[in-house]
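One structure is given here, and the rest of the page talks about it.
The values are calculated or read from the model by the stated rules, or taken from the named source; none is laboratory data. Bear in mind the structure is a predicted one, so any value in this text is a computation, not a measurement. Heads up, the Cβs are rebuilt from the backbone with ideal geometry, glycines too, and the neighbour counts pull from every protein chain shown.
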Amino acid sequence: MSHAREEDLMDHPDYPADAAAMAPASPHDLVQHLCGYEGQLRAWGLHVDGVAEGQRALDEIRQARHPYRLVVLEAELPDRPGLDLARAITADPALAAVRMILLTSVRTREQGAAARRAGCATTLAKPFRQAALYDCLATVLGTAPSAATRLHTRSILRHTLALARARVLVAEDNMVNQRVAARMLEKLGCRADVVANGLEAVEACRHIAYDCIFMDCQMPELDGYAATAVIRQQEAATGRHTPIIAMTANAMQGDQERCLAAGMDAYLRGCPETNV
């Protein structure tokens, strides 16, 4: 596990100046990580500490004179599951500011939901590209904890969709944009369904557990904001959280904040062909 402390300064503008990270990993993985992603974290300016066991990681986080900002943890540790460690960190009020990223060998909807319930900002499936790690850190360290648990950057979205033949819903009333989005998603290996308004999107989600939804903000019958609110109400009963990516042709000030407030996870300006 790696950690970074608040005393460290980072030169890159995407990161706050006080980022620090800890990464718990198995003894075998730890050697690889020190030569791999932990080395990359250091190259980006983080102070990184690596430990081999979850309990030791928890002790170090609690006893650190300079608090850790970030914990990157493996799903499986020698002494306990990574999610158990995440729950222990979340349960400690003194560690409320710590953000967590869970590294997994296989990324599934169930695991992602469990990670969010445990307090993790996001999951990242191995092997991952440097760009995916970079964008993940920029998102998690550059946002408030409540927003970090919902935001997924474009690189992470690309990486996630590439892991499996994801089932994706496109809610868009413009026929040209429908075809462009569906074609783009199919090239990524996804199965794309298309609906023309928010009511149809809500109805589709009642019958199919989509891996991701691209939601146009302005649609007839029911707009994307209202449709997202209904979908989130439906999910509240099951604990499920489907990533919803807002799409809007109008780059108006405050649009992104409105999308996130409505329960969407990310925001794209224009057609996804040029954004994803």
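The table for this structure:
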{"quantity": "Identity of the residue in segment 78-105, β-branched (Val, Ile, Thr) and within 15 Å of the chain's Cα centre (by Cα), that ends up surrounded by the most Cβ atoms within 10 Å (Cβ to Cβ)", "calculated": "Ile101"}
{"quantity": "Test for Glu186: is it in contact (Cβ under 8 Å) with a residue 12 or more places away in the chain and more than 24 Å from Arg116 (Cβ to Cβ)", "calculated": "no"}
{"quantity": "Number of the exception - Asp79 against (1) part of a loop (DSSP other than H, G, I, E, B); (2) modelled with pLDDT of 75 or more; (3) in contact with a Phe, Trp or Tyr (Cβ under 9 Å, 6 or more places away or on another chain)", "calculated": "(3)"}
{"quantity": "Checklist (1) at pLDDT 55 or above; (2) surrounded by fewer than 16 Cβ atoms within 10 Å (Cβ to Cβ) applied to His12, failing item", "calculated": "(1)"}
{"quantity": "Residue match in segment 228-239 (condition: touching a Cys at 6+ places or on another chain (Cβ under 9 Å), modelled with pLDDT under 90 and crowded, with 18+ Cβ neighbours inside 10 Å)", "calculated": "no"}
{"quantity": "Any pair with Cβ under 6 angstrom, 6 or more apart, that starts in segment 48-65 at a residue that is surrounded by 21 or more Cβ atoms within 10 Å (Cβ to Cβ) and ends at one that is in a helix (DSSP H, G or I) and modelled with pLDDT of 80 or more", "calculated": "Val51/Ala57; Gly54/Leu85; Leu58/Ala88"}
{"quantity": "Some residue of segment 48-55 being in a helix (DSSP H, G or I), at pLDDT 70 or above and over 19 Å from the mean Cα position of the chain (by Cα)", "calculated": "yes"}
{"quantity": "Selection status of Gly112, at positive phi and either modelled with pLDDT of 70 or more or not acidic (Asp, Glu) (or both)", "calculated": "no"}
{"quantity": "Among residues of segment 214-267, those that are of a type in the set (Asp, Glu) and under 24 Å from Ala114 (Cβ atoms), counted", "calculated": "2"}
